[in-house]
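What follows draws every value from the coordinates through simple rules; no lab data is involved. As the structure is a prediction and not an experimental result, all values here were calculated from the model. When we count neighbours, we look across all protein chains shown, and the Cβ atoms used for this are built from the backbone with ideal geometry, even at glycine.
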Amino acid sequence: MKNMTEINTHRTQEKQNPIPILPLRDSVIYPFMVVPLFINRPKSIQALETSVNTGKQIFFVAQKDAKNEDPKFGDLYNIGTLANVLQVLKLPDGTIKVLAEGVSRGKIKSLVLNENLLIGEIEVLEDIISKDNETEALIRSLLDEFSNFVKLNPKIPPEILSALSNINEPGRLSDAVAAHLPLIKFEDKQKILEIQDAKHRLRFVIGLLVHEIEVLQVEEKLKHRVKTQL
């Protein structure tokens, strides 16, 4: 494997199958996300090397049980994310650090038997988008709620809101907001990935965001009460 290499990201998805599959523990990657990952399991390393050496994308998919060291296909969710491998760095302890960029949702359609790695046929899933007044209203509502969330959460830089305001695609906006909600349950993160209808995804993320805001507000009240008592 090349050391810290950059890979051509202009790939034709239809011609890539079968695609190497890399299971993730308690982690979900969304399209357009650029994330660092640390890979150390032999089959995962083999999947990564296959992606780099063949110029194919890689399919990241969450495993149902994070403690499973050698997940099989039945141990994985069906929906994951096709991604481009941008950079690869082999660390001294044998762990591989990867910088990957999510490209699109995907679904495992069929499997290819291989003892050394997981590999399968992947179907690209496009967002179902309705350009109507309800969608526009949901987008505004999501941005308003995220603005309230940023005010209550000092860990999120205010400029993130400006960046999100420039995203015009409803599905992509939902994914971007979800990526900045680190405390939501893993099951909810996976559900967001599985919702193909952009309008439904907007509603679901808004619901999660409202809940997170309510929790932060309660925390603020508790802190204020403790200070008052002291």
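The residue list L99, G120, N84 was ranked by how far each Cα lies along the charge dipole of the stretch 76-175 toward its positive end, using unit charges on Cβ atoms, and L99 comes out on top.
Each residue of the stretch 23-31 was assigned a 3J(HN,Hα) from its phi angle through the Karplus expression (A = 6.51, B = -1.76, C = 1.60, θ = phi - 60°), giving x, 10, 9, 6, 9, 10, 9, 9, x Hz with x at Gly and Pro. Summing Cβ point charges (Lys, Arg +1; Asp, Glu -1) relative to the Cα centre of the stretch 113-230 gives a dipole of roughly 880 debye.
What is the Cα radius of gyration of the chain over 2.2 N^0.38 Å, N being its residue count? Taking N as the residue count of the chain, the ratio is 1.12. Only alpha carbons enter this Debye calculation for the stretch 79-163, each as an equal point scatterer, and the log10 of I(q)/I(0) it gives at q = 0.10, 0.13, 0.24 Å⁻¹ is -0.53, -0.81, -1.12.
Give me the Å³ per residue figure for the convex hull around the C-alpha atoms of the stretch 107-230. Kindly include the intermediate steps, with their values, before the conclusion.
Details: hull volume 18.2 nm³, N = 124.
Dividing the Cα hull volume of the stretch 107-230 by its residue count gives 147 Å³.
State the extension gain, in nm to one decimal, for the chain segment bounded by N78 and E134, taking 0.36 nm per residue of separation less the distance between their alpha-carbons. Mind showing how you got there, number by number?
Values: separation 56, 0.36 × 56 = 20.16 nm, distance 2.98 nm.
Stretched fully, the N78-E134 segment lengthens by 17.2 nm.
Contact order, relative form, for the chain: 20 percent (alpha carbon pairs under 8 Å, 6 or more residues apart, mean separation divided by residue count). Ordering of 59-65, 31-37 by packing is 59-65, 31-37, highest average first (other Cβ atoms within 10 Å, averaged per residue).
Report, in debye and to the nearest 20, how large the dipole of the stretch 64-154 comes out about its Cα centre when Lys and Arg carry +1 and Asp and Glu carry -1 on their Cβ. Don't jump to the answer; show the numbers that get you there.
On the way: 11 positive and 16 negative charges, 46 e Å.
Using only the charged Cβ atoms, the result is roughly 220 debye.
Close lysine pairs were tallied over the stretch 115-230: pairs 8 or more places apart or on different chains with Cα atoms under 22 Å apart number 13. Highest-first packing order for the peptide set 135-142, 72-79 is 135-142, 72-79, based on the mean count of other beta carbon atoms within 10 Å.
Can you pull the semi-axes for the stretch 119-168, root of five times each eigenvalue of the Cα gyration tensor, sorted largest first, whole Å? Present the calculation step by step, with values, prior to reporting the outcome.
Details: eigenvalues 155, 69, 16 Å².
Equivalent ellipsoid semi-axes, largest first: 28, 19, 9 Å.
Please get the size of the charge dipole for the chain, origin at its Cα centre, with Cβ charges of +1 on Lys and Arg and -1 on Asp and Glu, quoted in debye to the nearest 20.
460
Would you please give the residues with an amide H less than 5 Å from that of L111, counting only those at least 5 places away or on a separate chain, with H modeled from the backbone geometry? Amide H neighbours of L111: E121.
Spacing of the modelled spin labels on K221 and D197, each 7 Å from Cα toward Cβ, amounts to 3.4 nm. Taking the charge dipole of the chain about its Cα centre, with +1 at Lys and Arg Cβ atoms and -1 at Asp and Glu Cβ atoms, the residue from N40, V215, F204 reaching farthest to the positive side is N40. Taking one quarter of the surface of the C-alpha convex hull of the stretch 6-111 gives a mean projected area of 6.3 nm². Among 197-204, 105-112, 184-191, sorting by the average number of other beta carbon atoms lying within 10 angstrom of each residue, highest first, gives 197-204, 105-112, 184-191.
Ellipticity at 222 nm from helices only: DSSP H runs of n ≥ 4 in the chain, each -39500 (n - 2.57), divided by the residue count, give -13000 deg cm²/dmol.
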